[in-house]
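Right, one structure below, let's go through it.
The values are calculated or read from the model by the stated rules, or taken from the named source; none is laboratory data. None of the values given here were measured: they were computed from a predicted structure. Virtual Cβ from ideal backbone geometry, glycine too; neighbours counted across all protein chains shown. For the accessible areas, the whole protein counts, side chains as well, though only heavy atoms, and no ligand, DNA or RNA atoms are used. Shrake-Rupley method; radii C 1.70, N 1.55, O 1.52, S 1.80 Å.
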Amino acid sequence: MLFRQLFDAESSTYTYLLADLATRQAVLIDPVLEQVERDLQLITELGLTLAVVLETHVHADHVTGAGRLRERTGAKVMASSRGAPCVDRHLNDGDVVRVGELELRVLGTPGHTDDSLSFLCDGRLFSGDALLIRSTGRTDFQNGNPGQLYDSITQQLFTLPDATEVYPGHDYTGHLQSTVGEEKHHNPRLAGKTRDDFITFMRARNIPPPRKLDVAVPANRACGLDADAASGH
């Protein structure tokens with residue numbers, strides 16, 4: 001499997017490119033609108049065909065490149081059945097997405113938002129904004145729920161093998177990846193904490209909303225193609 005981790009500095013978003021080397025079919029996870037040209041150039045340089053774009057959830061801090069990539073490549077956009085109505089295939093927990101010989105297992109991990117998904121492929125976990133490195137996603141908008149997030153992480157993600165590599169949707173401190181075992185033992189919000197501890201901590205946080213919240217959410221429900229309308233331009 002070909003694998004690349006890409007980064008958008010403005011929103012601290014990771015985009016992931018996976019491809020089956022036999023068929024050259026590729027999938028992008030969580031592309032950013034401003035990085036579409038970069039992503040397309042890399043796909044071309046590597047001799048790949050973009051078949052699928054996966055979204056972990058309706059993002060609030062950046063506008064997705066999914067719709068633009070679908071226009072340019074014909075790729076199918078896939079995301080949660082609880083999320084954006086614009087996608088080609090709605091996904092639920094337990095579904096499998098096949099791209100060439102790759103199989104990505106869909107894990108329902110709501111809590112950050114009610115539509116949050118994670119994807120597991122060949123020992124790599126793409127955890128979106130549910131589980132971050134030494135942190136977690138916030139739970140104070142888009143039907144977020146701290147108890148639900150705790151359950152998603154502890155009952156879904158932490159049941160995976162400890163060696164499973166964790167690739168989050170964001171990082172704000174310079175980390176690139178972690179493992180399930182590391183996060184079990186060293187994530188300060190989760191290690192040694194009860195469900196009630198986690199809920200109390202999350203509800204006590206007082207942080208400003210994402211800067212692009214009002215623009216990004218409606219735009220992303222339209223697969224990123226409504227960004228200008230949503231921003232009033």
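Set side by side, the residues LEU69, LEU28 differ, and just one is in contact with an Asp or Glu (Cβ under 8 Å, 6 or more places away or on another chain), open to solvent by less than 10 Å² (accessible area, probe 1.4 Å) and assigned to a helix (DSSP H, G or I), which is LEU69.
Yes/no matrix, rows are residues, columns are (1) hydroxyl-bearing (Ser, Thr, Tyr); (2) crowded, with 19+ Cβ neighbours inside 10 Å:
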| site | (1), (2) |
| --- | --- |
| LEU104 | no, yes |
| ASP122 | no, no |
| SER127 | yes, yes |
| LEU132 | no, yes |
| THR159 | yes, no |
| HIS186 | no, no |
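Criterion first (part of a strand (DSSP E or B), open to solvent by less than 10 Å² (accessible area, probe 1.4 Å), under 25 Å from ALA216 (Cβ atoms) and without any contact (Cβ under 8 Å) to a residue 60 or more places away in the chain) does VAL52 satisfy it? So VAL52 fits the description; yes. Every listed requirement among (1) surrounded by fewer than 13 Cβ atoms within 10 Å (Cβ to Cβ); (2) within 14 Å of LEU120 (Cβ to Cβ) is met by GLU165 save one, (1). Scanning segment 5-14 for residues that are out of contact with any His (no Cβ under 9 Å at 6 or more places or on another chain) and either without any contact (Cβ under 8 Å) to a residue 40 or more places away in the chain or buried (at least 20 other Cβ atoms within 10 Å of the Cβ) (or both) yields LEU6, PHE7, ALA9. Filtered by the rule that a residue be surrounded by fewer than 13 Cβ atoms within 10 Å (Cβ to Cβ) and free of Cβ contacts under 8 Å to residues at least 40 places away in the same chain, segment 188-215 gives ALA191, GLY192, THR194, ASP196, THR200, ALA204, ASN206, PRO208.
A single entry from ASP39, ASP61 fulfils the requirement of being open to solvent by 10 Å² or more (accessible area, probe 1.4 Å), touching a helix residue (DSSP H, G or I) at 6+ places or on another chain (Cβ under 8 Å) and within 19 Å of PRO168 (Cβ to Cβ): ASP61.
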